[in-house]
Amino acid sequence: MKKTVIFIATGAYSGYSPFAPGTAGTLAAIPLYLLLSPLDPWLYGAIVLALLPISFWSAGEAEKVFGTKDSKQIVIDEILGYFVTMFMAPAGWVYVVAGFFLFRFFDILKPYPVKRFEELGGGVGVVMDDIMAGVYAAIVLQVLAYTGLLSFIGG
């Protein structure tokens, strides 16, 4: 069971990256997103919602394994946060890349009330702040798509 927890929580071990494990985890989310992106938005959303309890559980158990609250190796939260960012995003690499940078920006900055979600504690707290960062990033990405502000680089 411990190996399963570590595999899931570290995003197939991408969280062991010696440099910026959160960024590595978000990069690991991109091919997974590309597999899910052709799905109907309702099915995509249902899959993301179904992954939430798994991410809560694995992040909480991984905290116990690593003996650290919100260990850097835990990146399942970045993966789910990126999935939220990309919900109903237009097709195209410009949006995949923009979503990546927007998510990382909001995940690092943690504007109000994102940081407050960490206070939930355990796996829920680990994951929910990134879900909320993903919500902020998704809103900005949708505004950029709607206004055509990414069109100058191929969006």
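The values are calculated or read from the model by the stated rules, or taken from the named source; none is laboratory data. Note that the coordinates shown come from a computational prediction; the quantities given were computed from them, not determined experimentally. Here Cβ is always computed from backbone atoms with ideal geometry, including for glycine, and neighbour counts include all displayed protein chains.
Quick rundown of the values:
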read-out: Exclusive hit being of a type outside the set (A, V, I, L, M, F, W, C), closer than 19 Å to residue 3 by Cα and in contact with a helix residue (DSSP H, G or I) (Cβ under 6 Å, 6 or more places away or on another chain), set 99, 123; value: 123
read-out: Pairs, first under 15 Å from residue 86 (Cβ atoms) in segment 38-62, second in a loop (DSSP other than H, G, I, E, B) and hydrophobic (A, V, I, L, M, F, W, C), C-beta under 6 Å, six or more apart; value: 41/88
read-out: From 19, 56, residue being out of contact with any strand residue (DSSP E or B) (no Cβ under 6 Å at 6 or more places or on another chain) and at pLDDT below 95; value: 19
read-out: Of all residues in segment 110-127 being surrounded by 18 or more Cβ atoms within 10 Å (Cβ to Cβ) and among the aliphatic types (A, V, I, L, M), the one that is nearest to residue 69 (Cα to Cα); value: 126
read-out: Pairs with Cβ under 7 Å, 6+ apart, first in segment 75-88 and closer than 17 Å to residue 20 by Cβ, second among the hydroxyl-bearing types (Ser, Thr, Tyr); value: 75/10; 75/14; 76/55; 76/58; 77/55; 78/26; 82/26; 82/33
read-out: Residue within segment 117-137 that is modelled with pLDDT of 95 or more, among the aromatic types (Phe, Trp, Tyr) and assigned to a helix (DSSP H, G or I) present; value: yes
